[in-house]
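Take a look at the structure set out below.
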Amino acid sequence: MTRYRRTKTHRGIRDIKRAKRTRARTKDLDQIHEDMKTPEKFEQQAVDADLPGLGQHYCIQCSRYFTDAGALSDHYKTKLHKKRLKVLKESPYTQKEAEAAAGLFTDNGKGRVSGVDDATATGLMDT
Ligand SMILES: [Zn+2]
């Protein structure tokens, strides 16, 4: 495998084995979006001896546990956390969006009345 092939495959993920491991699988972005709607759920968590810091210091955006409050506040300053915040600003990809991209839409009679969506939807259906 030449160097060019190595950089072009696997979309820049350096460690493929680690990325595929399910043992340390983290939450997906859409799951984190769900969590961010109820942040109070994560402020007071039950004590879990298996988790770092008994599961008391949790970063919702990165879905990671930290050993103490200092480590958590240090984490908030890191590049990884800031990158994650940037990614989470976008709304999650939904099934509806995927169907709209494929030219499908929900025909429940409501969209028929008015709107630009109706015109584009019918335009797509004609072609
Ligand atoms: Zn974080």
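Remarks
- Qualifying residue in the range 67-86 (condition: in contact with a Lys or Arg (Cβ under 7 Å, 6 or more places away or on another chain), surrounded by 12 or more Cβ atoms within 10 Å (Cβ to Cβ) and not polar (S, T, N, Q)): no
- Which numbered condition residue 117 fails, given (1) more than 10 Å from the ligand (Cβ to nearest atom); (2) at pLDDT 90 or above: (2)
- Top-ranked residue of the range 56-86 - restricted to ones that are of a type in the set (Lys, Arg) and part of a helix (DSSP H, G or I), ranked as nearest to the ligand (Cβ to nearest atom): 84
- Selection status of residue 89, without any contact (Cβ under 8 Å) to a residue 12 or more places away in the chain, within 12 Å of the ligand (Cβ to nearest atom) and either exposed (fewer than 13 other Cβ atoms within 10 Å of the Cβ) or not β-branched (Val, Ile, Thr) (or both): no
- Verdict on residue 50 being of a type outside the set (Ser, Thr, Tyr) and away from the ligand (no atom under 16 Å from the Cβ): yes
- Residue 42 in contact with a Leu (Cβ under 7 Å, 6 or more places away or on another chain) and either among the acidic types (Asp, Glu) or not assigned by TED's automatic domain parsing to the domain that holds residue 105 (or both): no
The values are calculated or read from the model by the stated rules, or taken from the named source; none is laboratory data. For clarity, every value in this text was computed on a predicted model and none was experimentally measured. Reconstructed Cβ throughout: ideal geometry from the backbone, glycine too, with neighbour counts over all protein chains shown.
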